[in-house]
Amino acid sequence: MRIAVLGTGGVGATLASAFVASGHEVRMGSRTAGNEKAVAWVAATGDGASEGTFADAAAWGELVVNATGGLVSVDALAAAGAENLSGKVVLDVSNPLDFSDGFPPQVVQPDGRSLGELLQATFPDAHVVKTLNTMNSDVMVGPRALPGTHAVFVAGDSTDAKAVAADLLRGFGWQSDEIIDVGGITAARGLELYLPLWLSLMGSFGSPAFNVSIVRA
């Protein structure tokens, strides 16, 4: 599959590299072509890796990953172009965290709506799936590095889009019974609101190498 990864930070680079390792072609998108981090990633990755603008990557990709900062994600996807997102699965792994008042950050959800919902409403012809936003990027792509079973969540209005997301997650090593469908895109509210707790837990543990497990009767 041709996958466009929007965002050149640590999460975007980790996901992009894991997708290439899984046999996909990846184009990393940024605001301007020739972004220093994107160029360095392409050079380090080699075959299967390329870079371009948000719009170039989104137009090229069969699937789009939003790994931009949550507070700028709407603008980034607007720069990618609604026409380039139409009909495509958009995996939203970002979190709208505002650290301007210190720690813990505020989760920005205007009118009580999650970023995932806002992206779906802003780009109604895309199929937004919220996933992977509740853990560190190393855990995202290497779940078996942690002992036992643990959970990754998917939320979205399209059953078919969530099935595509689940296939990609299995490519990273997630087991089918660890991939938990929490419902429509409105469920992204809770997934995003977990982040202040995740950050507090990371502070307590002194490491981001952890995840949550769901225990059922």
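Taken together, the values in this text are just the output of simple stated rules run on the coordinates, not laboratory data. This structure is a prediction, so every number in the text was calculated from the model and none was measured. Here Cβ is always computed from backbone atoms with ideal geometry, including for glycine, and neighbour counts include all displayed protein chains.
Observations on the structure shown:
- Likely footprinting exposure, Glu178, Glu192, fewest C-beta neighbours within 10 Å first: Glu178, Glu192
- Residue-averaged [θ]222 nm for the chain, counting only DSSP H segments that reach four residues, each worth -39500 (n - 2.57): -11000 deg cm²/dmol
- The alpha carbon centroids of segment 114-154 and segment 38-95 are separated by 15 Å.
- Ranking of His150, His127 by count of other Cβ atoms within 10 Å, fewest first: His150, His127
- Calculated from backbone phi, Karplus (6.51, -1.76, 1.60) coupling profile of segment 45-50 in Hz, x at Gly/Pro: 8, x, 3, x, 10, 8
- Relative contact order of segment 2-205, pairs being alpha-carbon contacts under 8 Å that are 6 or more residues apart, as %: 18 percent
- Remark: segment 184-199, residue by residue, has Karplus-estimated 3J(HN,Hα) of x, 5, 4, 5, 5, 4, x, 4, 6, 5, 6, 4, x, 5, 4, 5 Hz, where x stands for each Gly or Pro and the curve is 6.51 cos²θ - 1.76 cosθ + 1.60 at θ = phi - 60°.
- Amide proton proximity set for Val65, modelled H, under 5 Å, gap of 5+: Ala4, Val5, Leu6, Leu91
- Taking Arg113, Arg27 and counting other C-beta atoms within 10 Å, the order from fewest to most: Arg113, Arg27
- Gyration tensor (alpha-carbon) shape descriptor, segment 2-205, a/c threshold 1.5: rounded
- Contour excess over end-to-end distance, with Cα ends at Phe210 and Ile180 and 0.36 nm allotted per residue: 9.1 nm
- Residue by residue, segment 78-89 carries 3J(HN,Hα) couplings of 5, 5, 5, x, 4, 5, 7, 9, 4, x, 9, 6 Hz when phi is fed to the Karplus relation 6.51 cos²θ - 1.76 cosθ + 1.60 (θ = phi - 60°); x denotes Gly or Pro.
- Global form of segment 37-100, assessed from the alpha-carbon gyration tensor, a/c cut-off 1.5: oblate
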